[in-house]
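J.: Below are the C-alpha cells for one structure; questions will follow.
Just so it is clear, none of the values below were taken in a lab; they were calculated from the coordinates. Worth saying up front: this structure is predicted, and the values here are computed from it rather than measured. Glycine also receives a Cβ, built like all others from the backbone with ideal geometry; neighbour counts cover every protein chain displayed.
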Amino acid sequence: MSHHDERTFVMVKPDGVQRNLTGEVITRLEERGLKLVAAKFMQIDEDLAQQHYGEHEDKPFFDDLVEFITSGPVMAMVWEGADATRQVRRMMGATDPAEAAPGTIRGDYGLDLSQNVIHGSDHEDEGANEREIELFFDEDELVDYARADEPWVYEDE
Ligand code: GDP
Ligand code: MG
C-alpha cells in the first residue's frame, strides 16, 4: 500500500448511538473515500474508559467523561485513508458542538460539549491513532482489503 494507508480510531459515542446517528457517521466517512477496516459494537468498561481518556485524568470533567462514555454502547471503528487522522478530525469539527462549523458532524448533530457524538484520534498528538487502535483492537481484527472504488478516489491507484 502507498500513501493512503494511514489508520485512525473513530468511535460513535453513546449519545450518537442512542440518537441513531451510527449509520450517518459511517456513511459520511465511507462517502468521503475512507475505508472501514474494523468495527466493534460494544460497551466500554471503566478501566478501558480511564485508559482511553488517560490524558484528561487531571481535568475537572474526567469523572463525568468516564461515566458518560461507559453509559451505553458505542461503535468503535478503525478507518483508513490518506491523512486519515487529520481528515476525520476536520469532518468531526470542533470539540464543542456549539462552536463546530455547520457541515461537520459535531456542528450538524450536537449542541452540548460533553455529548458531542463522535471521537476521533487527535492528529496533533503523535501516535495517538496507533495507541487507540491497539487499545480497542487486536491486530488480527483489522481487515486488509481493496475497496472497489479506490482507483476513483486516488489518482495513483
Ligand atoms: P476531542 O479530542 O475533540 O474529543 O476533545 P478533548 O480530547 O479535549 O476532550 C475529550 C472529550 O471530553 C470531548 O470530546 C468531550 O466529550 C469531553 N470534554 C472536553 N472538555 C470538556 C469540558 O470542559 N466539560 C465536559 N463535561 N466535557 C468535556
Ligand atoms: Mg482528544
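J.: Nearest 5 percent is fine: what portion of the DSSP beta bridges confined to the chain is antiparallel?
T.: Antiparallel bridges make up about 95 percent of those DSSP assigns within the chain.
J.: Oh, and also: Can you list the lysines whose alpha carbon is less than 18 Å from that of LYS13, not counting same-chain residues fewer than 8 positions off?
T.: LYS40
J.: Next question, about the same structure. Which residues does a label at GLU30 reach in the stretch 67-101, if reach means a backbone N under 12 Å from a point 7 Å past the Cα toward the Cβ?
T.: So the set is empty, nothing qualifies.
J.: Can you pull the semi-axes for the stretch 1-48, root of five times each eigenvalue of the Cα gyration tensor, sorted largest first, whole Å?
T.: Semi-axis lengths for the stretch 1-48 are 23, 16, 7 Å.
J.: Provide the FRET efficiency to the nearest 0.05 for the GLU134-HIS3 pair, computing r from the beta carbons and using R0 = 22 Å.
T.: Once the sixth-power term is evaluated, E becomes 0.50.
J.: Could you give the semi-axes, largest first, of the ellipsoid that matches the stretch 41-82, computed as the square roots of 5 times the alpha carbon gyration tensor eigenvalues and rounded to whole Å?
T.: Semi-axes (√(5λ), whole Å): 21, 14, 8.
J.: Relative to the longest principal axis of the C-alpha atoms of the chain, give the angle of the C-alpha long axis of helix 22-32, reported between 0 and 90° and rounded to the nearest 10°.
T.: 40
J.: What do you get for chymotrypsin sites (Phe, Trp or Tyr not before Pro) in the stretch 47-148 restricted to DSSP loop and a cutoff of at most 11 other Cβ within 10 Å of the site's Cβ?
T.: Listed in order of number, the matching sites are TYR145.
J.: Next question, about the same structure. Rg (Å, one decimal) plus Dmax (Å, integer) for the alpha carbons of the chain?
T.: Looking at the chain, its Cα Rg and Dmax stand at 15.2, 47 Å.
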